[in-house]
1. Do the sum for chain A: with -39,500 (n - 2.57) for every DSSP H run of n ≥ 4, divided by all residues, what is the mean residue ellipticity at 222 nm, to the nearest 500 deg cm²/dmol?
2. For chain B, what is the relative contact order in percent, using Cα pairs closer than 8 Å and at least 6 residues apart in sequence?
3. I need two numbers for the protein assembly as shown: Rg to one decimal and Dmax as a whole number, Cα atoms only, in Å.
4. Less than 14 Å Cβ to Cβ from A:Leu310, Lys/Arg counted +1 and Asp/Glu -1: what total charge do the surrounding residues give?
5. Round to the nearest 10 and give me the degree value, 0 to 90, for the angle of helix B:161-170's Cα axis relative to the longest principal axis of chain B.
6. Express in whole angstrom the spacing between the alpha-carbon centres of the range A:292-349 and the range A:157-218.
7. What percentage of the solvent-accessible surface of chain A, computed with a 1.4 Å probe over protein heavy atoms, is contributed by carbon and sulfur atoms?
8. Take the residue pairs A:Lys177/A:Lys370; B:Lys27/B:Lys394; B:Lys177/B:Lys298; B:Lys96/B:Lys177; A:Lys96/A:Lys177 and return only those whose Cα atoms are more than 28 Å apart.
2 protein chains.
Amino acid sequence: LILGFDFMIINEKRFVSNFENLAQIGKTLDGGVHRPTFSVAHQEARVWFKNVCIQSGLEFRIDNAGNHIARLNCGLPNAPTLLLGSHLDSVPNGGKFDGALGLIAALEVLLSFKDAAIPLSVHVEAIDFTDEEGTLIGLLGSSAMGGALKAEDLLNPRGGRDNLVNGFHNSGLNPEKILNAKRNQTSFIGYLELHIEQGPILQNNHADIGIVSSIVGICSYHINFIGRADHAGTTSMDSRYDAAQGASAFTLESRKLVLQSYPYCVVNIGQMEFTPGAFNIIPELVVVSLEFRAPEEKILKHLEVALLELALECGAKYNLGVEISSLGEHSPAIMSSDFQNAFEIASKALDLKTLRLASGAGHDAQAISKICPAGMIFVPSINGSSHSSKEYTKMSDCINGANVLLHTLHILLGRNGS
Amino acid sequence: LILGFDFMIINEKRFVSNFENLAQIGKTLDGGVHRPTFSVAHQEARVWFKNVCIQSGLEFRIDNAGNHIARLNCGLPNAPTLLLGSHLDSVPNGGKFDGALGLIAALEVLLSFKDAAIPLSVHVEAIDFTDEEGTLIGLLGSSAMGGALKAEDLLNPRGGRDNLVNGFHNSGLNPEKILNAKRNQTSFIGYLELHIEQGPILQNNHADIGIVSSIVGICSYHINFIGRADHAGTTSMDSRYDAAQGASAFTLESRKLVLQSYPYCVVNIGQMEFTPGAFNIIPELVVVSLEFRAPEEKILKHLEVALLELALECGAKYNLGVEISSLGEHSPAIMSSDFQNAFEIASKALDLKTLRLASGAGHDAQAISKICPAGMIFVPSINGSSHSSKEYTKMSDCINGANVLLHTLHILLGRNGS
C-alpha cells in the first residue's frame, strides 16, 4: 500500500444501512434511543451486531466483561492486533449517534478490508465495550480489558451492586470473572475510535474532523456543608449557621475560579441536597455534588487542591463545618501523537478540514490508552447537543469520519508492513 | 381590685402538676413531645385538658374548628369575653413548652380567679386552638375563629386535603363546617397569650419577661431558576445556562439585602431542588423555597418587592429564566399598646425585668388580633432552642410568666369594672 491518492473508501450504502438498522433498536418517540446497559434494547442491539459480524464472516467472541469482539484475522497466529471500537449502550433517552456511530464505522473498516482482500500483517478488531455510559460503573468493559478496573470498583458501583450482578447473569456472564477480561498489552499496536464531538467546537470552527489531543480526567466529590437547624423566624440573620450560604458561595466561587485560572477545565455543581429542607428551618446540611475535569493529570490535581481549599474557605466564611468525600477519578489520557499525525494526513488526503481539540467527555479510548497508544477523531455535533434526542450529526460527516478512520488504518498498516 | 401589691398569685403546685402531667402525653425518648395535629397523642392531650376543665367546674365546649374552649362564666348573660389561649399540638418531635405552657397558664388563670371567688363582669375563656403548628394549615383554629380563614385555604392545605378531612372526621368534627367557627368580634375585650420566646434575646439580655410589640408577617414563595441541561464535560464554562448559579447568587444576595437594609426582618432559603440532579449534567432547573418575615405590613411588602426583583436580577445575570409562585402570606400583627402597658405594670409589680421585642415566630395571637386587641408575653428559651427536644425554659420562668398573665388580667378587669 502506498500513501497518496491511492486509497480505499467505505461502502457508503452498507454503512448507512447498518447505522439506520441499529438506530431502530430501542428507538424513542422523539428519534433518539434508550439503551441503558443490559436493558432489553441494549441486549437486542448487541445480538444484532453479533449476527451482522458472523454473517459477514468475521470471527466473533464475547469476553468476561461482556465486550463483544469482532475480529478480522490476518492468518498469522503471532501477529499483533490493532483495536477499533466504541459502545452500543446509551444514557437514558439518549441519541442514536453516541457510541453507535463509532462501532458501525469500526465494523465498516473491517468489512472494507475484508472486501478488498488485502493481505494484512495484523489482526484488526471492532469492539463493542460494555457500559461506557455508566449505567453501572462507566467505561466498565474498556477498563476491565485495560486492567484499570479493580475488584473494589465492583463492590459498590454507582448503579448498584444488584443491578451489576443481575445484569451480568441475565446476559449469561459471571460477574465474578469480569477482571479476567484483562488482555496482554504487548499484543496491541494501538486503539482508534471515531465518535461524535458532543460539543460545538467543530461546528463553530467549520471543521470536518476533530483530532483529539487528550481526553479529560474527571474527579467527583460530595462536599457536605454543615450548619445548625434553627427556627427561621426567631434566629437573627447574624447568628445563623446556614449551610445554604456555604454551598451557594462555593457554587459561585468554583465557577469563577475555573473561568479565571483554569482554561480548558470545567466544574459542575449538578445537585444539592438540603436537610431538613423546610421553608421555616435554617438548613443544617447541604450536600453538594461536585464534578470537575482537566485535560492533564497535573492540572487536574492542581484544580482538585484549589477546589477543596475553596470549599473549606466557603465553609469557614459562614462558620460551617465542611466534610469532603471523594467519589472516584478517571485519569486524563494523552492521545498518541503518531496517531494524531496519521489522522491529519488521512484527513488532508480526503480534503477535510481538521481541528485539534481536547475531549471534555470520557471515552473508552481513555481506559485503553493505559495499555497501548490510542487515538480518537470527532465529527461535528449540531449545536453541540448530546445525551438527548436532540443529538444530531449529518450523515455526510459520519461518512467522512468513517473514511478518515479507514484511511488512517491504511496509512498505519502500510507503515507496519502490510 | 386595687393596683399595687394587693395581687393574686397562681397555685404553683397545681400549675406545675398540670404542666408535667400534660408533658407525659406523647412524650419522646429525648424528653420532648410528638403531638402533630389529630395524632393519637394530640387527641389524648385534648381529652386530658377537657377532663381537667370539667372536673374543675369550668364550662367546656368544642367549636366547629375543633378549638377546645374552657369558660369561666361570670353569670351575666350579655357580658363581653376576655380570651386566653395557646395550643396543644406540636411540630414532629418538638418540645414540651411550645403551646402547652400557654394553655396551662391560661387554665391556671381561670382556676385562680375561680378559687378567689371574685365577682367578674366579663367571661374569661382558655382556648386550645386547633393546628397552630401547621401540620394541616397553620393557625387553623384561630384563623377560623377570627374569620381570616377562607374556603379556598381548605381545598389545598399544605398538609394535604385528605389528612385534613380524615383528621376532622376522626375527631367527630365536620370539615365542611370549619368556617362556622367564626365568632362575633363585638363580644371580645381582647386576647392574651403566654408563650416561650423560641429565640435567645431574653436570655442574652437577662430579661424575665418579653413583651411582644408585634408578630411578624410571613410570605412563602417558590422561585424557579430555569437554565439548560447540557453535558458538563463538553460545554465550556462561558456557554452554560446553569440554574445553580442563579439560585446560589440569590441565596447569598438575599441574605446580604436583609442584613444591610431590613433590620428586624429575616429571609430563609430552606430548600433547593435540582433537575436533573446528576454529577455530569448542568442543572436545567433549581426550585428555591423562599420564606421571609417582617414586623410590619409595609416593610413586608417592600421586602417582597425587593426580593422578587433580586430573583429576576440573579436569573438575568446568568441568562436564566425565572418563574415566581406565591405560596401564601400571614399578615404581621401589632400588639395592643394598652395590653403592652398592662404587662409592663404587672411585671414591675412582680419585680421582673421586661424587654419589648417583636416575635419572629407566628402565633394564634396574630390571627385573633384581626377581631380584637391582642397581647403576648414571652419567657426565656435557654439558648433560643425550639421545635426540638432541646427546647427548655426554667420552671421558675414559667411560673413568672403565669403570674404576670394572672396579674395583667387583674389590672385589666379592675379597669373594666369587676
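The values are calculated or read from the model by the stated rules, or taken from the named source; none is laboratory data. Because the structure is a prediction, the values reported are computed rather than measured. No Cβ is skipped: glycine too gets one built from the backbone with ideal geometry, and neighbour counts run over all protein chains shown. These area figures cover heavy atoms from the full protein model, side chains too; ligands, DNA and RNA do not enter into them. Shrake-Rupley method; radii C 1.70, N 1.55, O 1.52, S 1.80 Å.
1. Details: 11 runs with 145 residues, N = 418.
Result for chain A, helices only: -11000 deg cm²/dmol.
2. On the way: 929 pairs, mean separation 96.1, N = 418.
It rounds to 23 percent for chain B.
3. 36.0, 120
4. Details: positive: A:Arg255, A:Lys256, A:Lys317; negative: A:Glu253, A:Glu304, A:Glu309, A:Glu313.
Here the charged neighbours net out to -1.
5. Once rounded, one gets 20 degrees.
6. 18
7. Details: 8100 of 16060 Å².
Summing carbon and sulfur atoms, their accessible area is 50 percent of the total for chain A.
8. Numbers: A:Lys177/A:Lys370 21 Å; B:Lys27/B:Lys394 18 Å; B:Lys177/B:Lys298 34 Å; B:Lys96/B:Lys177 31 Å; A:Lys96/A:Lys177 31 Å.
Pairs exceeding 28 Å: B:Lys177/B:Lys298; B:Lys96/B:Lys177; A:Lys96/A:Lys177.
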